[in-house]
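Participant: Below you'll find the structure I mean.
Coordinate-derived values only; no laboratory data. Quick caveat: nothing in here was measured; it's all calculated off a predicted structure. For neighbour counting, all protein chains shown are included, and Cβ atoms are generated from backbone atoms with ideal geometry for every residue, glycine included.
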Amino acid sequence: MKTIVIATNNKNKLAEFKRIFSCEQGSGYRILSLADVGFCEEIEENADTFQGNALLKARAVSKFTGLCAVADDSGLQVDYLNGAPGVYSARYAGEGASSSQLIAKLLSEMKCAAEDERTARFVSVMCAYFPNGQTVFAEGICEGSILYAPAGENGFGYDPVFYYQPMNKTFAEMDSVEKNSISHRALATADLLDKLKNIDKVAFDDSNA
């Protein structure tokens, strides 16, 4: 079995990632959290791209554990805001901001945006970093638009205002099965899983090197 440490302290992301991985029949992966491996360090996410931040997190955790680590950096890009909040999505309303505060900030910034100016996308970039220094990147993008008010009780972050037209729902109105079939993180995970199939098992653990 191939062991992967998920390099995030975000419980929602961790749960979502585990659900997506569990849908991969016969995947043969054992998924560990940072708590499972005793990683308590703060990783400064100071890169200006999703790819850069994903690499910072995955590399730090892999070097600490001697195992393959997978990190996701994701966020919302709004065309009306020239791509913001982007890599600052989780900190858009300040450090430690709640989902409701993030949404309030976003809607305030978009109060003058017309219907056809509210296009947006969720982007997820994943990095798998191996003990031998090898890196694998994957990406998922989900196009949508920003509503004028929240709708739905599920999900987290900007999900209640992110409207996905093909399902006529916000991410927060979807159940986990629906969301995990089309979300940016689901698409990035599928891309990553496909690429990891070509990586030999010994690369996942430096004790096998």
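Participant: Per residue Cα convex hull volume for the stretch 150-209, in cubic angstrom?
Facilitator: Working: hull volume 6.1 nm³, N = 60.
About 102 Å³ per residue, rounded to a whole number.
Participant: Shape of the chain from its Cα gyration tensor (a ≥ b ≥ c, root eigenvalues): rounded if a/c is under 1.5, otherwise prolate when a/b > b/c, or oblate? Working shown, then result.
Facilitator: Working: a/c = 2.22, a/b = 1.75, b/c = 1.27.
Taking the square roots of the gyration eigenvalues as a ≥ b ≥ c, the chain is prolate.
Participant: Rounded to a whole number, what is D in µm²/s for the stretch 102-164 from Stokes-Einstein with the Kirkwood radius over alpha-carbon pairs (25 °C, 0.890 mPa s)?
Facilitator: 179 µm²/s
Participant: I need the P(r) histogram for the stretch 73-180: all alpha carbon pairs, bin width 10 Å from 0 out to the longest distance, whole percents.
Facilitator: 14, 45, 29, 9, 2, 0
Participant: Shifting gears a bit: Once the cut-off is 24 Å, how many percent of the Cα-Cα pairs in the stretch 1-92 end up in the long-distance tail? Spell out each step's value before the answer.
Facilitator: Working: 1068 of 4186 pairs.
Everything past 24 Å amounts to 26 percent.
Participant: Let me ask you something else. How large is the dipole of the chain about the Cα centre if only Lys and Arg carry +1 and Asp and Glu carry -1, each at its Cβ, rounded to the nearest 20 debye?
Facilitator: Rounded to the nearest 20 debye, it is 440 debye.
Participant: Find me the longest stretch of the chain that has none of the exposed trypsin sites (Lys or Arg not before Pro), where exposed means in a DSSP loop (not H, G, I, E or B) with at most 13 other Cβ atoms within 10 Å.
Facilitator: Excluding the exposed sites themselves, the longest stretch runs over 1-110.
Participant: Could you point to the residue in LEU32, PHE17, VAL70 farthest towards the positive end of the chain's charge dipole, with +1 and -1 charges on the Cβ of Lys/Arg and Asp/Glu respectively?
Facilitator: Of the candidates, LEU32 comes out farthest on the positive side.
Participant: Still on this structure: Zone of ASN9 (label point 7 Å along Cα→Cβ, backbone N under 14 Å): which residues in the stretch 27-60?
Facilitator: Zone members listed by number: 34-36, 38-45, 57.
Participant: Along the positive direction of the dipole of the chain (beta-carbon charges: Lys, Arg +1; Asp, Glu -1; about the Cα centre), which of MET126, ALA188, THR3 reaches farthest?
Facilitator: Of the candidates, THR3 comes out farthest on the positive side.
Participant: Let me confirm the definition first: pairs of Lys residues in the chain, 8 or more apart or on different chains, C-alpha distance under 16 Å. How many are there?
Facilitator: 9
Participant: Ok, one more. Under unit Cβ charges (Lys, Arg +1; Asp, Glu -1), what dipole magnitude, rounded to 20 debye, does the stretch 16-87 have relative to its Cα centre?
Facilitator: About 360 debye.
Participant: How large is the helix-only mean residue ellipticity at 222 nm for the chain, computed as the sum of -39500 (n - 2.57) over DSSP H runs with n ≥ 4, divided by its residue count, in deg cm²/dmol to the nearest 500?
Facilitator: Computed ellipticity for the chain at 222 nm equals -9000 deg cm²/dmol.
Participant: Now for a separate question. Would you mind getting me the FRET efficiency between MET1 and ALA104? Use the beta-carbon distance for r and R0 = 41 Å, nearest 0.05.
Facilitator: It comes out at approximately 0.40.
Participant: Now a separate question. How high is the FRET efficiency between GLU42 and GLU115 when r is their beta carbon distance and R₀ equals 45 Å, given to the nearest 0.05?
Facilitator: Step by step, r from the Cβ atoms, then E = 0.65.
Participant: Given H placed 1.01 Å from N in the peptide plane, which residues other than close sequence neighbours of ALA84 have an amide H under 5 Å from its amide H?
Facilitator: Close amide H contacts, sequence-distant or interchain: VAL78.
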